[in-house]
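A short worksheet on the structure shown next.
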């Protein structure tokens, strides 16, 4: 019987494959870098994502709208595709991607790690 454990360690994903035996457990660690598809043939490393926000609910706040407009003036906002964006993703390098994917779709891929 095999069980899988995901261990998040210093920005990289380590996958541990635990093989249970009567004598105990043996672990084989594999350094694993997961990429998440965020729309329009764009994939980013999961460990580089800081936050994923729903565009409809997050932009209700004046502070969020101010943050996004400042980022757009500074040229840090990148739209992915021509579809209406549903979410925005903040990266470690302060880039903000406007994604046509729902936050649930992106979060599901991240939580699958």
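Observations on the model:
- Extreme residue, nearest to residue 37 (Cα to Cα), among residues of the stretch 51-71 that are without any contact (Cβ under 8 Å) to a residue 40 or more places away in the chain and in contact with a strand residue (DSSP E or B) (Cβ under 8 Å, 6 or more places away or on another chain): 51
- Residues that are assigned to a loop (DSSP other than H, G, I, E, B) and under 23 Å from residue 104 (Cβ atoms), drawn from the stretch 67-86: 80, 81, 82, 83, 84, 85, 86
- Candidate set: the stretch 26-45, residues that are more than 19 Å from residue 83 (Cα to Cα) and outside any strand (DSSP E or B); chosen: the one modelled with the highest pLDDT: 34
- Residue 8 under 18 Å from residue 107 (Cα atoms), exposed (fewer than 15 other Cβ atoms within 10 Å of the Cβ) and at pLDDT below 50: yes
- Residue identified as loosely packed, with under 11 Cβ neighbours inside 10 Å and modelled with pLDDT of 95 or more among 73, 21: 73
The values are calculated or read from the model by the stated rules, or taken from the named source; none is laboratory data. Computed from a predicted structure; not experimentally measured. All Cβ positions, glycine included, derive from the backbone under ideal geometry; neighbour counts span all protein chains shown.
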